[in-house]
Amino acid sequence: LRPRLIVSEGSEALISSAVLSATDVDTDDQNLVFLIIKQPKHGVMQLNNRPATKFTQQNVKDNLVKYIHTAGEIGTAIMKDSVTFIVSDQNYLATADLPVYDLNITITPIDNSKPAIITGKEVSVKEGGSITLTPDIITAKDPDTAPDEIQFMIVRQPQWGYVENIKPSPGSEKSNKGKRITTFRLQDVIDGSINYVQATHKGVEPVYDDMEVYATDGNHRSAIKNFGI
């Protein structure tokens, strides 16, 4: 048998004869019964779309038995589950005499959530100065995407300044300080390399600036958020 079932987060998988099958020399194999002695933790076993505690091999052959993942969002890593069966010929001998079988289930994540931008404390900067954008100022949450895969896109630049990423370009040791950017990663914010620089102030007295950003995980994007300074 193939002792492993793979199912996507929030989905279902048929229990086929390839993963659950038995034979008995003096019993019609289709009449063999699988008794569930340990139910899965993160899903349910169903027979004909109803919760199951037992089913026959004929039910398996007829594609009536399935596992459904019901635990919701699992994040970015795979999750493990398992079901334990006793195989019986319906004479129900002492449990110790019956074969026990574990079916291991691997639940794989799906990128089906979009990021949400979260802004925190009010940002103030001195005229001609700069401020580092930290996670308590701006961040994003996405349960099924790692921080280094979440990207902020600036769709409307600040009027009286610019945003910079002081990290060097890949393969370089020279800082990119002073260069206006249009995109940055959440990981850059965590690393403290994103600054807002108040650049335009000679001959004018700006008291407020803002920009519009959205976050994307590559597949889904957040709503556009106005970020004030």
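When the stretch 195-226 is filtered for residues that are under 18 Å from Glu127 (Cα atoms) and of a type in the set (A, V, I, L, M, F, W, C), the ones remaining, listed by number, are Val197, Ala199, Val204, Val207, Met211. Screening the stretch 8-28 for residues that are of a type in the set (Val, Ile, Thr) and crowded, with 17+ Cβ neighbours inside 10 Å and picking the one that is farthest from the chain's Cα centre (by Cα) gives Val19. Within the stretch 96-118, the set of residues being open to solvent by 60 Å² or more (accessible area, probe 1.4 Å), of a type in the set (S, T, N, Q) and either farther than 21 Å from Arg185 by Cα or assigned to a strand (DSSP E or B) (or both) comprises Asn104 only. Of all residues in the stretch 166-182, exactly one satisfies the criterion of being β-branched (Val, Ile, Thr) and open to solvent by less than 50 Å² (accessible area, probe 1.4 Å), namely Ile181.
For the stretch 119-131, filtered to residues that are of a type in the set (A, V, I, L, M) and either part of a loop (DSSP other than H, G, I, E, B) or at pLDDT below 95 (or both), the residue that is least open to solvent (accessible area, probe 1.4 Å) is Val123.
Among the residues of the stretch 152-162, are any farther than 18 Å from Asn226 by Cβ, open to solvent by less than 70 Å² (accessible area, probe 1.4 Å) and not polar (S, T, N, Q)? The answer is no; no qualifying residue exists.
For Gln57, the requirement of being open to solvent by less than 30 Å² (accessible area, probe 1.4 Å), over 27 Å from the mean Cα position of the chain (by Cα) and in contact (Cβ under 8 Å) with a residue 12 or more places away in the chain is met.
The values are calculated or read from the model by the stated rules, or taken from the named source; none is laboratory data. Owing to the predicted nature of the structure, the values given are computational and were not obtained by experimental measurement. Cβ atoms come from the backbone with ideal geometry, glycine included; neighbour counts cover every protein chain shown. With ligands, DNA and RNA removed, areas are computed over all heavy atoms of the protein, side chains included. Shrake-Rupley method; radii C 1.70, N 1.55, O 1.52, S 1.80 Å.
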